[in-house]
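Asks: Here it is, the structure, as structure tokens.
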Amino acid sequence: MQKIIKNCIRCKICGQVIVSKHVHDFVTCKCGACSVDGGNVMLRRLFKEEGCYEELSKVKEVDEGQENK
Ligand SMILES: [Zn+2]
């Protein structure tokens, strides 16, 4: 099971780093080529061209049942 620590990409066209901080936080970079959404619930991506962004998200592998240790 994966836990999303940071939902974040960098646009390769304008160079802006965009972060979705919560589930309904839809953020588009300044040139409009790519967007992030989903916060730390899901990694949702919208983009005009495949490969126009660099993935910077941080996810952590979590063993089920060990979250509350
Ligand atoms: Zn951009």
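Asks: What number of residues in the stretch 1-11 are surrounded by fewer than 16 Cβ atoms within 10 Å (Cβ to Cβ) and either of a type outside the set (Lys, Arg) or farther than 14 Å from Ser57 by Cβ (or both)?
Replies: So the count comes out to 3.
Asks: When residues of the stretch 15-24 are filtered for being over 27 Å from Glu64 (Cα atoms) and open to solvent by 40 Å² or more (accessible area, probe 1.4 Å), how many remain?
Replies: First pass over the stretch 15-24, keeping only residues over 27 Å from Glu64 (Cα atoms): 15-18.
Narrowing the set further to residues that are open to solvent by 40 Å² or more (accessible area, probe 1.4 Å) leaves 16-17.
Final tally of qualifying residues: 2.
Asks: Tell me, which strands (runs of 3 or more DSSP E) wholly within the chain include 1 or more residues that are charged (D, E, K, R) and away from the ligand (no atom under 16 Å from the Cβ)?
Replies: Answer list for the chain: 2-11, 44-47, 58-61.
Asks: So which residues in the stretch 25-45 are over 18 Å from Ile5 (Cα atoms) and open to solvent by less than 80 Å² (accessible area, probe 1.4 Å)?
Replies: Step one: filter the stretch 25-45 for residues over 18 Å from Ile5 (Cα atoms), giving 28-34.
Thr28, Cys29, Cys31, Gly32, Ala33, Cys34, listed by residue number.
The values are calculated or read from the model by the stated rules, or taken from the named source; none is laboratory data. From a predicted model like this one, the values you see are computed outputs, not experimental measurements. Cβ sites come from the backbone with ideal geometry, for glycine too, and all protein chains shown count toward neighbours. Keep in mind that these areas ignore ligands, DNA and RNA; they rest on the heavy atoms of the full protein, side chains included. Shrake-Rupley method; radii C 1.70, N 1.55, O 1.52, S 1.80 Å.
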